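Quick notes on the structure that follows.
Values quoted throughout were computed directly from the atomic coordinates according to the rules given, and no laboratory measurement underlies them. None of these values were measured; they are calculated from a predicted model.
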């Protein structure tokens, strides 16, 4: 049987989709703002 494609790693997830990465780009800041306005409990990974 083949190996599953998703092998999760916490560090990589944080680096790719974390709060700091989002805040680095204008688009990412936009995402955080929109999620704040919507009242999301989790803003990013």
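Against the main long axis of the alpha-carbon atoms of the chain, helix 26-38 sits at an angle near 80°. Length gained on full extension, residue 12 to residue 36, computed as 0.36 nm times the residue gap minus the Cα-Cα distance: 6.3 nm.
Kirkwood hydrodynamic radius computed over the chain comes to 11.9 Å, based on all pairs of distinct alpha carbons.
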